[in-house]
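Here is the structure we will look at.
Derivation of every value follows stated rules applied to the coordinates shown; laboratory data play no part. Since the structure is predicted, the reported quantities are computational estimates derived from the model, not experimental observations. Cβ: placed from backbone, ideal geometry, glycine included. Neighbour counts: every protein chain shown.
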Amino acid sequence: MTQKFKIGIDIGTTSTKAILYDEHFEVVDAASKEYLTIREKMGMAEQNPDLILAAVQSVIKRLIEQTYPQSKKITTLSFSSAMHSLMIVSTEGEPLTPLYTWADNQSSFQLEKAKAVQDLDWVYKKTGTPIHPMSPFSKLLWLQADSPELLVGGNRIIGIKEYITYFLTGELKVDYSIASATGLFNLQSLDWDPDIISFLGIEQEVLSDPVDTNYVFKRINPVAYKEIGLSLETQIIIGASDGCLANLGLNAIANNEVAMTIGTSGAVRMVSDHIVLDPEGRTFCYYLAKDKWVIGGAVNNGGNAFEWFASILSKTEVMNYDEINNLMETIQPGADGLLFFPYLNGERSPLWDASVQAHFIGLSANHTTGHLIRAVMEGVLYNLVEVLNILETNAGPAKKLKVNGGFLRSAFWKQMAADIFNKTLTITPQFESSCLGAVSIDQMDYLEELKKMRVIEVIPIEENVKAYQKSYELYQKLSIPIQQIHEIKANHRNN
């Protein structure tokens, strides 16, 4: 019997990764290609979409070349991509703007101006997308005010995955998952919301046709296929967003199973069989598949907070990451009363405030470098606990906590997470869960295969749990005064 292969492609913010899987979802090979983000001024986070397209072509071509002649048996390409990206293209598909990534906050002023005129909670209630500069909704408010000429003449409004799949197929389609993270897509009707489109002053015809996440493209671009080396029989499945597919790849798709990711940033996501919105708009609700909604919160500050402190430390002390970890291990849980509110890059969930700033609280002459770095990592995790608490309030208790991301490389960080959440962490040997989710979106019965995989569990240490609970209680009590400090500073700047 001829063996068949699939490629899962994850178009991320810093790189594109592609993984070749066999029929049993075992990794055969992998490739990745990085690209730059342009940050020439405050709030800017733009990319060149053609460099991302080149990266996608490169990683697919590399896998095909490395696996020839088996590459002729690649049956499907399936896509994952980062959410909230936006670009304007001409009617011929040529870029008229850079790609504005989720991290681009240039629309902040225009969004605040719109919020001052009217309450925008109605947008969240229709779409499940929090009101924040990351969203295409906010970016379109900005472009309509700043460059209205871009939004006329039939120019198309798309995201990065649409740009890539249009090149490969000639079809402009957007999956329900990516669409549900734009702030323009009605969760009930699974279509573009006419009230929001009217509010933004655009026409529905300039948006891509929404399709389900298991949609197989009907056409291909033979020139693009030949250039990459793909068989003309290889099908392309549209897939979903990276966060939603991470849950699928971690096999965290049963009701109230939770997936937590800590990489550069972080996220906590829970799956529900129905739409779940937060009364205060603090969490998102995005589509994964029929009767599967991913609710959760993404935070801006994860491993990048550790990187920030390590970079400062490297200017005064020459230390590698293992030595910094060893410093943390010498400090007791709770960092002897030192707390860190980790808003170094503003914050998404649970605050949804792009301008909020980080704070150390309780710093004294008795605290050492070890205390500081431990407080930083504890603060990152406390912030994620805040998100999980909101999810549990709205959707019920979490059943399992499945984790992935760069923090898994550190046994100390894994134990810290288990202790702070007071939950057993479940870790699978699979990596790049979004790629795995992408290749399995059309056959979720693959979960039977995943159930056979070996898992690692990290169990909370009771003594540490008690210490962290006491520290977290103080963190919660101080979170409101911290926000008040931020408001005072903002008012002072504006006077």
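Under the Karplus relation 6.51 cos²θ - 1.76 cosθ + 1.60, θ = phi - 60°, what is the ordered set of whole-Hz ³J(HN,Hα) values for the stretch 129-136, x standing for Gly and Pro?
9, x, 7, 7, x, 5, 6, x
Determine the shape class of the stretch 399-440: with a ≥ b ≥ c the square roots of the Cα gyration tensor eigenvalues, call it rounded for a/c under 1.5, and otherwise prolate if a/b is greater than b/c, oblate otherwise. It would help to have the intermediate numbers written out before the result.
Details: a/c = 3.33, a/b = 1.73, b/c = 1.93.
It is oblate, given that a/c is not under 1.5 and a/b is not larger than b/c.
Return the distance in nm (one decimal) between the two label points of a simple spin-label model at Lys113 and Ala490, each offset 7 Å from Cα along Cα→Cβ.
That separation, rounded to one decimal, is 1.8 nm.
For Val56, Val211, what ranking results if the residue with the fewest other Cβ atoms within 10 Å of its Cβ goes first? Let's see the in-between values first.
Details: Val56 25, Val211 17.
Arranged by neighbour count, lowest to highest, Val56, Val211 become Val211, Val56.
Under a 5 Å amide H to amide H cut-off, with H placed in plane at 1.01 Å, what residues pair with Ala30 once short-range neighbours are removed?
Leu20
Among the lysines, select those whose C-alpha is under 30 Å from the C-alpha of Lys218, and discard any that sit fewer than 8 residues away in the same chain.
Within the straight-line cut-off, Lys218 pairs with Lys4, Lys6, Lys17, Lys33, Lys61, Lys72, Lys73, Lys161, Lys173, Lys226, Lys290, Lys292.
Could you give me the ³J(HN,Hα) list for the stretch 479-495, computed from phi with Karplus coefficients 6.51, -1.76, 1.60 and θ = phi - 60°, whole Hz, x at Gly and Pro?
5, 5, x, 4, 5, 5, 4, 4, 5, 4, 5, 5, 5, 5, 5, 7, 8
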